[in-house]
Structure formats: C-alpha cells, structure tokens
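I have placed the structure first, in the form of structure tokens, so that the comments after it can refer back to it.
The values are calculated or read from the model by the stated rules, or taken from the named source; none is laboratory data. Fair warning: this is a prediction, and the values are worked out from it, not measured in the lab. Cβ placement follows ideal geometry from the backbone for every residue including glycine, while neighbour counts extend to all protein chains displayed.
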Amino acid sequence: MRSILTNPGSNLRIGILHARWNAKIIDNLVKGAKSRLLELGVKPENIIVESVPGSFELPYGTQLFVNKYKRLNQPLDAVIPIGVLIKGSTMHFEYICDSTTHQLMKLNFQLNLPVIFGVLTCLTEEQAEARAGLIPGKMHNHGEDWGAAAVEMALKFN
Ligand code: INI
C-alpha cells in the first residue's frame with residue numbers, strides 16, 4: 001500500500017514526444033516532466049522520449065508513437081506532447097496553436113489514452129522561458145505539472 005502511495009507511477013509507461021523548435025526551452029520542459037515522473041515513481045526505462053520537427057507535427061506524431069508501442073506490446077499509459085509556439089508577425093502562430101490544440105484534445109478520445117497538453121503558446125520568448133523555469137524567481141517549470149498530470153490521468157478511475 002505504501003509503495004502505491006509513495007510511488008504511484010511505478011507500473012506506468014509514459015511517452016514524451018517533443019518538438020525541436022525553441023530547443024533550449026523544450027529541453028527544460030522535458031527535463032521538468034521527466035523529473036516529476038521519476039519523483040512519482042515512474043521507472044527511468046519506462047519514460048520513452050521521442051521527437052518531431054515542430055509543434056504542428058505533435059498530433060500525428062503522438063498517434064504514430066502510441067501505435068508503435070502498442071504494436072511492440074509495450075503500450076504507453078499516457079503521452080505528453082511538448083511544444084513551444086512563439087508568436088511571430090504573421091498568422092502562422094494562430095493557425096498552428098488552434099489546429100494543434102484541437103487535434104491533441106481529440107486524440108484523448110480517439111486513442112482512449114490521456115494526452116496531456118504540453119504546448120506553450122506564448123507571445124514572447126521571455127514568457128516561454130519563464131514557464132520553462134528558465135528565469136530564476138519568475139515562474140516554475142510547467143513540464144513538472146505535465147508529468148504529474150500524466151501520472152494522475154493514467155491512474156484515474158483504474
Ligand atoms: N513550430 C514550433 O514548434 N514552434 C514555433 O514557434 C514554430 N514557428 O514559429 O513557426 C513552429 N513552426 C514549425 C511547425 O510547427 C511545423 O514544424 C512546420 O510548419 C512543418 O510542418
């Protein structure tokens with residue numbers, strides 16, 4: 001009983017799929033998510049990290065990722081797609097934010113699996129850095145919240 005309470009994630013396999021845009025920010029978000037998963041008892045070998053080019057590729061990449069591990073008989077219990085979108089001077093940002101967010105939400109139901117929303121949609125690079133815990137004293141690393149959400153949702157109502 002004690003180990004379930006102290007290590008709730010000990011039997012879980014969690015996927016992290018990250019975009020490669022804004023690498024410094026992404027790296028810290030991935031680090032935050034991993035460290036919270038480990039704190040919650042997920043074994044290091046059961047945290048599987050893969051990447052896609054950009055945030056726009058996260059929804060389809062998540063589907064491929066989940067299906068790959070299902071085929072291998074090593075199913076994932078939750079996925080954390082991680083991306084950082086920063087507004088530029090065109091409508092590019094709005095279209096990618098909108099389509100990616102909607103499609104990631106739909107994937108929860110299509111895959112019947114928790115798909116966490118690990119995408120920062122920021123107006124400036126500074127906002128994104130703060131939310132990745134890269135500006136001391138400003139904000140915490142949101143990747144940690146996403147790790148906790150993945151474990152909670154993987155175990156919800158089980
Ligand atoms: N992808 C991101 O993850 N973040 C961004 O800020 C970004 N910007 O600014 O354009 C971005 N663009 C790439 C996009 O996600 C796709 O990878 C690309 O359009 C190819 O499909």
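Of the residues 98, 145, which single one is under 16 Å from residue 18 (Cβ atoms), charged (D, E, K, R) and more than 10 Å from the ligand (Cβ to nearest atom)? Just one listed residue meets the conditions, 145. Of all the residues in segment 112-147, those that are loosely packed, with under 15 Cβ neighbours inside 10 Å and either among the hydrophobic types (A, V, I, L, M, F, W, C) or assigned to a loop (DSSP other than H, G, I, E, B) (or both) number 9.
Within segment 56-87, the set of residues being out of contact with any Gly (no Cβ under 6 Å at 6 or more places or on another chain), of a type outside the set (Val, Ile, Thr) and either at pLDDT below 95 or away from the ligand (no atom under 16 Å from the Cβ) (or both) comprises 67, 68, 69, 70, 71, 72, 73, 74, 75, 77, 78.
Taking the conditions exactly as written (within 14 Å of the ligand (Cβ to nearest atom), acidic (Asp, Glu) and either under 18 Å from residue 20 (Cβ atoms) or touching a residue at least 60 places away in the same chain (Cβ under 8 Å) (or both)), does residue 125 satisfy them or not? Against the criterion (within 14 Å of the ligand (Cβ to nearest atom), acidic (Asp, Glu) and either under 18 Å from residue 20 (Cβ atoms) or touching a residue at least 60 places away in the same chain (Cβ under 8 Å) (or both)), residue 125 qualifies. Taking segment 28-55 as the range and being within 16 Å of the ligand (Cβ to nearest atom), touching a Pro at 6+ places or on another chain (Cβ under 9 Å) and not in a helix (DSSP H, G or I) as the test, only 52 passes.
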